[in-house]
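In what follows, a single structure is set out as structure tokens and then discussed.
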Amino acid sequence: MKSPVNTEVLKEIAVTVTKLVSLLACLYFFICSLSFLSDSFRILGGKNIGALFSDSELLKNPVVGVMIGVLVTVLVQSSSTSTSIIVGLVSAGAPVKTAIPMIMGANIGTSVTNIIVALTQAGDREQFRKAFACANVHDMFNWLSAFILVIIECLTGYLEKLTGKLVENVGATNVTDVKSPDFLKALTKPFTKVLVQLNKKVLNGWAQNLPEYENATTVLRTGCHQHTPGGPSCNYLFAHLGPEGVNIGESYIGVILLAISLCMLCGCLIGMVKILNALLGTKVKRVIENVINADIPIRGLGWLTGYLAMLVGAIMTILVQSSSVFTSTLTPLAGAGLVSLERAYP
């Protein structure tokens with residue numbers, strides 16, 4: 001008599017495990033799609049990124065600086081890359097005063113990814129409303145913070161003075177090549193490098209208008225057909241479409257990669273939402289909503305909940321080394337109703 005019950009329980013466990021594995025797979029490929037989206041914009045931007053930094057007189061206008069920071073971050077889909085380019089410009093002799101508005105603009109540009117993620121949920125009006133609102137929380141925070149800080153900086157110059165004081169006793173040792181650990185990239189790189197690989201030195205060289213990269217014609221990693229012993233392997237799929245293959249042109253490669261990344265993004269998001277709804281029954285969903293969105297259940301400490309959420313957001317962003325990835329993952333959770341706007345904001 002116990003046999004049918006055990007079979008039913010085992011079947012239910014197997015289905016749940018399958019759904020969990022599918023959810024993790026969707027999340028993994030979703031993060032990979034963000035990497036492809038970033039690479040596609042870098043390929044499409046090409047040498048145009050360097051043109052944005054070429055007119056030093058124009059960059060003295062703080063509003064222009066903010067807009068350039070926004071545009072570059074949208075093109076490369078990575079505030080880390082755009083700020084690295086700006087830091088390189090300053091180390092090459094550009095004034096800090098010029099770079100500050102561009103850094104502010106880079107923080108605004110990083111929120112564009114969330115809007116793209118939210119737009120993919122337009123099929124369900126209620127989910128789209130919640131997801132788009134969550135994405136706009138990030139946008140409004142970045143826009144308002146940047147505008148207020150840029151205005152104060154233009155009036156007082158406090159950031160330039162403060163950062164100058166912080167580094168006035170720092171030695172002249174060049175430590176620009178030190179890299180922070182990127183755990184997320186270590187997980188996604190085995191898959192992403194099979195499809196496309198970029199030469200970031202060329203990208204940074206174009207952005208900083210370095211003379212040694214003037215004759216570089218492609219941002220794709222080259223040398224893929226030179227199988228030197230012990231050398232880096234560049235056997236990725238898009239190499240066959242690049243200069244060493246059919247050579248269909250950077251623009252076409254960028255468009256193809258953009259289409260692939262958007263299809264992956266939409267498919268993974270739809271899959272994540274469907275699996276979440278199937279995995280979480282109505283009762284379980286309500287429990288999770290109540291736990292995540294509830295205040296600290298200790299009398300007198302409820303006001304600390306927002307600060308605790310800020311700490312969680314900071315730790316998660318440090319771990320994944322990308323605010324875009326973390327907030328883009330939070331957006332579909334808000335669309336599914338698991339996270340309220342009040343909890344998503346901090």
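Read the figures in this text as sums done on the coordinates, not as results from a lab. The shown structure was predicted, so the numbers you read here are calculated from the model rather than taken from an experiment. Here the Cβ positions follow ideal geometry from the backbone for every residue, glycine too, while neighbour counts run over all protein chains shown.
Potential lengthening of the chain between Ile292 and Lys201 amounts to 28.5 nm, from the contour at 0.36 nm per residue minus the alpha-carbon distance. Length available on full extension from Arg299 to Val96: 0.36 nm per residue minus the Cα-Cα distance, which gives 68.4 nm. The phi torsions of the range 116-128, fed into the Karplus equation with coefficients 6.51, -1.76 and 1.60 and a -60° offset, translate into couplings of 4, 5, 5, 5, 5, 9, 5, x, 10, 4, 5, 5, 4 Hz, rounded to whole numbers, with Gly and Pro shown as x.
Distances between placed amide hydrogens fall under 5 Å for Leu220 paired with Asn199, all partners being 5 or more residues away or on another chain.
Using a Förster distance of 25 angstrom, determine the FRET efficiency expected from the C-beta separation of Arg125 and Cys263, and round it to 0.05. Step by step, r from the Cβ atoms, then E = 0.65.
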